[in-house]
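The values are calculated or read from the model by the stated rules, or taken from the named source; none is laboratory data. Remember, predicted model here, so these are calculated numbers, not experimental data. Please note: Cβ atoms are built from the backbone with ideal geometry, for glycine as well, and neighbour counts cover all protein chains shown. Heavy atoms of the whole protein, side chains included, go into the accessibility calculation; ligands, DNA and RNA do not. Shrake-Rupley method; radii C 1.70, N 1.55, O 1.52, S 1.80 Å.
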Protein chains: 4
Amino acid sequence: MPDLNIAVVGAGLMGADHVIRITERIAGARVSAIVEPDEGRAQAALAHAPGAVHFTTLDDALAAGVVEAVLIATPGQFHEPVLLPALAAGIPILCEKPLTPTPEASLRILEAEQATGKKLIQVGFMRRFDTEYMELRELIAGGTAGELLALNCAHRNGTVPDSYTNTMLIEDSVVHEIDVVRYLTDSPIVAIEVKHGKRNTLSPDHLNEPIFVLLYTESGVLANVEMNVSVQFGYQVKTEAVFQKAIAEIGRTTGMTLWQDGRYGGVENASFKTRFAAAYDSQIQRWVNATKRGEIDGPSAWDGYLASAACAAGVTALTTGERVDVVYAERPAFYN
Amino acid sequence: MPDLNIAVVGAGLMGADHVIRITERIAGARVSAIVEPDEGRAQAALAHAPGAVHFTTLDDALAAGVVEAVLIATPGQFHEPVLLPALAAGIPILCEKPLTPTPEASLRILEAEQATGKKLIQVGFMRRFDTEYMELRELIAGGTAGELLALNCAHRNGTVPDSYTNTMLIEDSVVHEIDVVRYLTDSPIVAIEVKHGKRNTLSPDHLNEPIFVLLYTESGVLANVEMNVSVQFGYQVKTEAVFQKAIAEIGRTTGMTLWQDGRYGGVENASFKTRFAAAYDSQIQRWVNATKRGEIDGPSAWDGYLASAACAAGVTALTTGERVDVVYAERPAFYN
Amino acid sequence: MPDLNIAVVGAGLMGADHVIRITERIAGARVSAIVEPDEGRAQAALAHAPGAVHFTTLDDALAAGVVEAVLIATPGQFHEPVLLPALAAGIPILCEKPLTPTPEASLRILEAEQATGKKLIQVGFMRRFDTEYMELRELIAGGTAGELLALNCAHRNGTVPDSYTNTMLIEDSVVHEIDVVRYLTDSPIVAIEVKHGKRNTLSPDHLNEPIFVLLYTESGVLANVEMNVSVQFGYQVKTEAVFQKAIAEIGRTTGMTLWQDGRYGGVENASFKTRFAAAYDSQIQRWVNATKRGEIDGPSAWDGYLASAACAAGVTALTTGERVDVVYAERPAFYN
Amino acid sequence: MPDLNIAVVGAGLMGADHVIRITERIAGARVSAIVEPDEGRAQAALAHAPGAVHFTTLDDALAAGVVEAVLIATPGQFHEPVLLPALAAGIPILCEKPLTPTPEASLRILEAEQATGKKLIQVGFMRRFDTEYMELRELIAGGTAGELLALNCAHRNGTVPDSYTNTMLIEDSVVHEIDVVRYLTDSPIVAIEVKHGKRNTLSPDHLNEPIFVLLYTESGVLANVEMNVSVQFGYQVKTEAVFQKAIAEIGRTTGMTLWQDGRYGGVENASFKTRFAAAYDSQIQRWVNATKRGEIDGPSAWDGYLASAACAAGVTALTTGERVDVVYAERPAFYN
């Protein structure tokens, strides 16, 4: 079977990374088009995509007939104007999270996807492809540890750029836990509440963090999320699952242990790029393989919508300090 | 210097344990009296305290002139009637936590202690004598990790007897974190809030747990406490400290690692008796040593009162689901 | 650039695994030919290699013009008759270890390769592609831990088939440490000595193991290797490096930690397939990428010869119990 | 029962430590006499032993009638002249290892002890009182992991003083493993062999280490010991036990874990004083308790002799590089 011709839309940090990944590590696919308005970025990415062509809009790329699938890696606010023509063209899409910044926009995307008669969109919640999350999910489903009662999550970034806002604590960062909690529990989040710890003065001045987010699920499982974006020492994502009869922990740092200078230990991950490197590869490889079979193999647009709706409630919770219920549209049969 | 003659009041589980400890592992002290109304318990304890005499009340023991210091290990509701005569006698006291079940009773004890003109009471918050808690406190005080921002605590018991009540989740169990959070942060707890995870159906029918307790400190540091008394697999107490520049974790299980039958790992503690064995020994040894110098060397009656007042707010928080402010009496200069 | 057309020679356990790997996870390559005399095995492998053609000899495959590179995964005694025609055809080769079972055969291969005027052979010592080995090598080279003084290695298999012989302890298993010790120390092994521990009675009757192998390097670094093929509990490969100022350990088991039933711990690897899964993928991907550039990117035929010569000495050491010096041919300038 | 009056003989590093231990942490015992020729050392020790009297010889202390038991902490060459009068006086003895520097001297001590008609000597192999060694011994004896096949031991000191000699590698350091291997395996060491790794240039000039010692036991279990006294980073003693069906490891560093500056980890022990602090306390407490019952509760003079004989062979093995058989005297029925 010939390689899948993928248009990567957006050649910023994430997009450039995906171009290298597809070219160098993914079987059965190639980057055939780079869609990016910025000439410099486009040229930098082209260097890693032999044979790819540069376009400034997806429409041009589609018109050129070199695109069989689309990987969207633009900032979230530009997802909708790329998703809609891609859906109109009827081609498979891997869309980086969030599906869209607002639940209203996500609902429009759901409409458009349903109009095509086929699930075309997969959303890039890559943690679902991390070995340890999968192992934990199996443990929960298997029942050997008893019922799941609670999840204690920590999500820690070393630093964030000045452009990172308080709202992004929810929309860019906690959104991963919002998806993962549902993935692990198979139960929707029904309410969100946000608490503040002591502010980290090493954080950019306009940020008020770390925050502690309570995610209430329909099942009764409570998820506590420490969200921390200025912890300086590295990048760390951990989840501790509290069962009736057991505790399970994932996300512990690994690698070579060194005893030196009176201490022992190892190197912490510097960013999500190393922490989730294998998960990103696996996500793209499985998407390519599924795409060739005419399927998706990961979170759907409906999952993207649910996360978007929960984030909207989360942003309200962040500013009010109150527990905020999450309101969801009814699930179309199409997404069952 | 001759051995310190200690009356152990109460020869139940804890008291009997202390009798053995003092006889077999503590330098410079002996159990001279066992005060216990139950004849069977008393005799069992006497077997481990060569030379000790049995009394049914502390007054009798004091009158017999064989007591230089008192270790109170009765249930909490009997602490006040033992503390008052011991204070009247002007002798040093180590009182198991809680000082008293209510803040009102604690205030009466504070009055009585002040009337003696001397700090005589040490309260048995033994975690302050655990090496790792001490290490963490030093790290916080030292400042090398930046300011402390938050504490994530887990307190897990395998099982509890049917006599254990929801209120005891706060008064018997979270009380340890209440003391330790202040010990670590040097900042009083100003408010408490309680959330419920999914109920553990392996818990006794009348219990609704695990609970997740938020302890708000004056300093802004937020402590999240998972309180779990039916986790089946063993006994585990962990604290994760979130700093500006670092994370520190204490309470990780240790010991021999075994690779067998497709798994690797070790044995978990079965109860607080093994988890905090060294801390109990150290607490009593340091108390004995300090007592001989006419001092106390650990949490005072004032610390006991603060914990009692915070617990009262915690019990209200448990039932209302609301954030409840903690009200404290003014600190007497005597306790500065 | 079009996909590299690879002939996989040998469709047994390892070969079949490589077919799946290349088809499903390796970018820029495809299995174009499966060379395997056994019809059943060939058909099973073809199911995972869309578009590949089945041949019974490499000559047929070469003659058909569908082969640009060769991956040799037959048993070691069949390597030479495949390597020679492949070299004659002048195409790049990835040859599973050992290069050949005897140093004499390896020298013939070196002759044939030199005759082509170009390094075409890479030998499948996949540990060099394992992240932790690479990390350790960098630590050694970097010098921050001081000079390397010794290596303590453990190589443990759960079980081996009855067909596994004592000689294979060296040739099939210790050969990995033989290569890795040189890779880590950049110093050839000059002598080998073998000690026996107590025999494992769970081992097949004809095996006398575990063995403890001392690898003496020219640099003075001594490597102690525990070689153990019946340890039952799983598969484990560890190395502890002893430096002047530090100790470094690699190969510690990782993954989800579970506290349950009075124990804590995790799942051990069941075989080399999971322990070194990422290393195998990385080895093949880097070989494909290098091959397209006309290079090799891993251990050469010379490395294969050195391991073969050391193994021959090791087999003598195994039977004599004496320290046996390793004799190497002079290194042709071609391999500098 | 009154406190046991102990004469501590030798107030150097170890003796002073034992004085503090007995005074501050051991129940049922006191230091009644300090026997030390050096006035300054004696006075320093007396400050930690209220009520103790200073003597320059053990005979003087015995004559003064204030000694019920003796703890010998002088350098090894002075053990015999203290042991003999103590045995003659018929009082219990805890003698720091080695019992004596030579097997001949040890045999004389055995004679003298037998003449008293009672086992009076316990030798200070304190590792037998370390929780993890005891746990490992139970695992071996229990048989659940199958038969023990081999032991991989590492014994690492940060630094040693210039006065430390190559011979002391065996007599002062490996002697611990020599005792422990027999304690764990219940099988005598029948031969010893010593290998050198690359020399550590941070070691004092006259030392040639690390060394790798093979201890062959009668049972067939082979123990490999890395002996390393200049590892700079701290103090570490580990044992890995290789079973038919399992691996067990003891001696892993524990304590608070810190994630900071791109790394995670903890603090390594700085010396045996912290690594084996609890074992030393337990050894002395159990010796005191047993002494009061008229028993010993630990390794006997016979154990001391066996270690001494094995060390003598070890010193020969160190210099010859050959495997050296250990020759033992016949075991007197007295020591069965």
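Listing for the model above:
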quantity	calculated
Residues located in region D:135-169, provided they are open to solvent by 60 Å² or more (accessible area, probe 1.4 Å) and among the hydrophobic types (A, V, I, L, M, F, W, C)	D:A141
Residue in region C:119-126 that is surrounded by 17 or more Cβ atoms within 10 Å (Cβ to Cβ), in a helix (DSSP H, G or I) and modelled with pLDDT of 95 or more present	yes
Residue within region B:130-140 that is at pLDDT 95 or above, under 14 Å from the mean Cα position of the chain (by Cα), in a helix (DSSP H, G or I) and over 21 Å from B:E330 (Cα atoms) present	yes
Test for D:D172: is it of a type in the set (D, E, K, R), surrounded by fewer than 22 Cβ atoms within 10 Å (Cβ to Cβ) and more than 20 Å from C:E240 (Cβ to Cβ)	yes
Only listed residue being closer than 30 Å to B:D261 by Cα and either touching a helix residue (DSSP H, G or I) at 6+ places or on another chain (Cβ under 9 Å) or more than 14 Å from chain C (Cβ to nearest Cβ) (or both), chosen from D:L94, D:L136, D:L99, D:L120	D:L136
Selected residue (criterion: nearest to D:Y280 (Cα to Cα)) from residues of region D:100-118 that are open to solvent by 50 Å² or more (accessible area, probe 1.4 Å) and of a type in the set (D, E, K, R)	D:K118
Selected residue (only one of B:E295, B:E330 is assigned by TED's automatic domain parsing to the domain that holds B:E68 and surrounded by fewer than 21 Cβ atoms within 10 Å (Cβ to Cβ))	B:E295
Filter result for A:P37 (assigned to a loop (DSSP other than H, G, I, E, B) and at pLDDT below 95)	no
Residue ID - modelled with the highest pLDDT, chosen from residues in region B:9-28 that are open to solvent by 10 Å² or more (accessible area, probe 1.4 Å) and within 14 Å of chain D (Cβ to nearest Cβ)	B:I20
B:M126 closer than 30 Å to A:K238 by Cα, more than 14 Å from every other protein chain (Cβ to nearest Cβ) and aliphatic (A, V, I, L, M)	yes
Given (1) away from chain A (no Cβ under 14 Å); (2) open to solvent by less than 20 Å² (accessible area, probe 1.4 Å), index of the condition D:D281 fails	(2)
Residue within region B:209-220 that is assigned to a helix (DSSP H, G or I), more than 10 Å from every other protein chain (Cβ to nearest Cβ) and among the charged types (D, E, K, R) present	no
Long-range neighbours under 9 Å by Cβ, at least six apart or interchain, first residue over 18 Å from D:A279 (Cβ atoms) within region D:130-148, second in a helix (DSSP H, G or I)	D:I140/D:L184; D:I140/D:T185; D:A145/D:L139; D:E147/D:I140; D:L148/D:L139; D:L148/D:I140; D:L148/D:L184; D:L148/D:T185
Within region A:29-58, considering residues that are within 12 Å of another protein chain (Cβ to nearest Cβ) and more than 23 Å from the chain's Cα centre (by Cα), the one surrounded by the most Cβ atoms within 10 Å (Cβ to Cβ)	A:A52
Hits in region C:196-208 (condition: more than 10 Å from every other protein chain (Cβ to nearest Cβ) and closer than 20 Å to D:E218 by Cβ)	C:N208
A:K97 outside the structural domain of A:I178 (by TED's automatic domain parsing), surrounded by fewer than 17 Cβ atoms within 10 Å (Cβ to Cβ) and outside any helix (DSSP H, G or I)	no
Contacts under 7 angstrom Cβ, first residue in region B:2-23 being more than 19 Å from B:H79 (Cβ to Cβ), partner of a type in the set (S, T, N, Q), 6 or more apart	B:L4/B:T291; B:N5/B:S32
Selection count, region D:232-252, where residues are aromatic (F, W, Y) and under 16 Å from C:E268 (Cβ atoms)	1
When residues of region C:245-268 are limited to those that are open to solvent by 40 Å² or more (accessible area, probe 1.4 Å) and not β-branched (V, I, T), the one modelled with the lowest pLDDT	C:R252
Filtered residue count, region C:66-82, keeping only those that are without any contact (Cβ under 8 Å) to a residue 40 or more places away in the chain and not in a helix (DSSP H, G or I)	0
Residue in region D:184-195 that is within 7 Å of another protein chain (Cβ to nearest Cβ) and either at pLDDT 95 or above or on the phi > 0 side of the Ramachandran plot (or both) present	yes
